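The values are calculated or read from the model by the stated rules, or taken from the named source; none is laboratory data. These numbers come from a predicted model, not from an experiment. Cβ coordinates were reconstructed from backbone atoms using ideal geometry, including for glycine residues, and neighbour counts include every protein chain displayed.
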């Protein structure tokens, strides 16, 4: 029983982290039809920005509780600065081209951002410790968990609810849904599609950055954090179906539980459990769990 | 859609060469190989090593180009690269097989056999999903390799010096001899690839890239073509892997990591899918950029690589090869933005 609850809780915390990170990826694909390899780089930017902001808040002698605000600000700053630059300055030139070509463009962007983060922040690791101890420890049965991990779960729920509400209950959100469904028809109905692209891309980057910012206290922020994140978010998004919010949630839960099971029951499978699930889902339902099977078009 | 109008004539981009030009091709290939072999005797050691790496990595990218001609991009070529390399390294250390040529061929065959069960499955996928599935498979193998302590885990293991045709290699010769073996192997496979590209099955791949439904209506088997392309790519990748491990003397699971596959895709995109020579030129370009960047600006070599890739995608969407191979009429519009 204890093992089961440990597996569940570990799976849940990992899944919430995955959900926050993968949601931006699936949103960007749904709207812009771009599978963004640089998503992990934006995550890393969020983490580094968080390190900087928390550091600034500390030098300005704010109470440690304000470090959470610092994390949020970091994510906002990254999204506000990087999103317009990337979308207007780079991606705009490649819209409408083949999907795989766009993947390569984002791969080039990933390479560029790897070095840019190294140039700006250096190669040494940063430790963002201020927020981690804020929530104390939580005891569940014999296991002691850090309260911060459950903050992530709460954050995932808030973000999921916010994105769902934003897409389904606001006018702008319904416009985004229309563009997801068919950008041509939306454009012919008078929707400013490039503004919607901009909005969706900014939200996608914000979600990646907030994932990075809130994860920063849990890891050492150093070059290379982006590489592992990209691959794992791909797995989640592919499993759930590209462009589907519910898919990202379900995919995150599946991957989180799979990894948790592997870690506790079969540690040798830990590294590749995610990819086995991804390969299995791809073989059975190629479009992901929450997508309609597309008919081939002539 | 404008794309279907401009491709209304299913243009075959190149007419199959006449027999005279086929002979010319073989002679040209042999001449180029001979020239490289002679030049290698006078090149400094670092240059022979660079060209050896470029040629063997080029072989792996040749596999990607083979599949790109069918319209799919594989992000998991690191899989066959790693399998071929591990097969060669294990044959050397566990089975005592030391002949360089034998190891290279073994690497190719083991890689092909290892992925053969997946070929029919993979032939059903296109676009992003093919890329992701190949990526997933290569990452699974990466995970398995890292966790397998018998194979050295994440450190990998070393491999000693190979022999060539029964001859042991002295310190002074080993660089040049491995260079020669790699160049010859690459040349042979490149020529075979060129011949395959111009054969009817190779041209079928181009037709599949254009419009696979039409190919099926005309009686061609798209899935069989894709599966065969995949296995041939595996052979090229495995041979390349074996050649690399022989020159490097070390193997580790990073051979199968997705960033390694990404570099092979980079070379394939840079080269384009029309010219075989362009693949090796592109591979050499990457090795040169990598070596010189690591030396002169170690902090920004990925930046330069990324910028270079963007430049190529934007201005040379069909790769370097398109510089000297022209396409006929209608299909020239295929890659233009819609």
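Structure summary
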| read-out | value |
| --- | --- |
| Condition check for residue A:44: touching a helix residue (DSSP H, G or I) at 6+ places or on another chain (Cβ under 8 Å) and more than 19 Å from residue A:114 (Cβ to Cβ) | no |
| Residues that are in a loop (DSSP other than H, G, I, E, B) and within 12 Å of chain A (Cβ to nearest Cβ), drawn from region B:238-287 | B:257 |
| Selected residue [surrounded by fewer than 21 Cβ atoms within 10 Å (Cβ to Cβ), away from chain A (no Cβ under 14 Å), part of a helix (DSSP H, G or I) and touching a helix residue (DSSP H, G or I) at 6+ places or on another chain (Cβ under 6 Å)] from B:178, B:169, B:191 | B:191 |
| Residue selected from region B:91-128 under the condition part of a helix (DSSP H, G or I) and touching a strand residue (DSSP E or B) at 6+ places or on another chain (Cβ under 9 Å), by the criterion nearest to the other protein chains (Cβ to nearest Cβ) | B:93 |
| Output for region B:288-314, where each listed residue is more than 11 Å from every other protein chain (Cβ to nearest Cβ), under 23 Å from the mean Cα position of the chain (by Cα) and exposed (fewer than 15 other Cβ atoms within 10 Å of the Cβ) | B:288, B:289, B:292 |
| Given (1) more than 12 Å from chain B (Cβ to nearest Cβ); (2) farther than 24 Å from residue B:254 by Cα, index of the condition residue A:258 fails | (2) |
| Lone qualifier among A:283, A:278 - being closer than 30 Å to residue B:211 by Cα, over 21 Å from the mean Cα position of the chain (by Cα), part of a helix (DSSP H, G or I) and facing chain B (nearest Cβ under 9 Å) | A:283 |
| Region A:162-174, residues that are surrounded by 11 or more Cβ atoms within 10 Å (Cβ to Cβ) and over 18 Å from residue A:206 (Cβ atoms) | A:168, A:174 |
| Those residues of region B:152-161 which are buried (at least 18 other Cβ atoms within 10 Å of the Cβ) and either at pLDDT below 85 or within 13 Å of another protein chain (Cβ to nearest Cβ) (or both), in sequence order | B:152 |
| Qualifying residue in region A:112-120 (condition: farther than 30 Å from residue B:259 by Cα and in contact with a helix residue (DSSP H, G or I) (Cβ under 7 Å, 6 or more places away or on another chain)) | no |
| Selection count where residues are outside any loop (DSSP other than H, G, I, E, B), in contact (Cβ under 8 Å) with a residue 60 or more places away in the chain and farther than 12 Å from residue A:214 by Cα, scope region A:134-153 | 4 |
| Residue count, region A:175-195 (criterion: surrounded by fewer than 22 Cβ atoms within 10 Å (Cβ to Cβ) and in a helix (DSSP H, G or I)) | 14 |
| Residues within region A:86-119 that are surrounded by fewer than 20 Cβ atoms within 10 Å (Cβ to Cβ), within 14 Å of another protein chain (Cβ to nearest Cβ) and within 15 Å of residue A:202 (Cα to Cα), tallied | 3 |
| Residue within region B:33-47 that is modelled with pLDDT of 90 or more, out of contact with any strand residue (DSSP E or B) (no Cβ under 9 Å at 6 or more places or on another chain) and not in a helix (DSSP H, G or I) present | no |
| Residues within region B:207-221 that are at pLDDT 90 or above and buried (at least 18 other Cβ atoms within 10 Å of the Cβ), tallied | 3 |
| Region A:92-102, residues that are in contact with a helix residue (DSSP H, G or I) (Cβ under 7 Å, 6 or more places away or on another chain) and either closer than 24 Å to residue B:300 by Cβ or in contact (Cβ under 8 Å) with a residue 60 or more places away in the chain (or both) | A:93, A:94, A:99, A:102 |
| In region B:128-152, the residues that are over 23 Å from the mean Cα position of the chain (by Cα) and in contact (Cβ under 8 Å) with a residue 40 or more places away in the chain | B:146, B:151, B:152 |
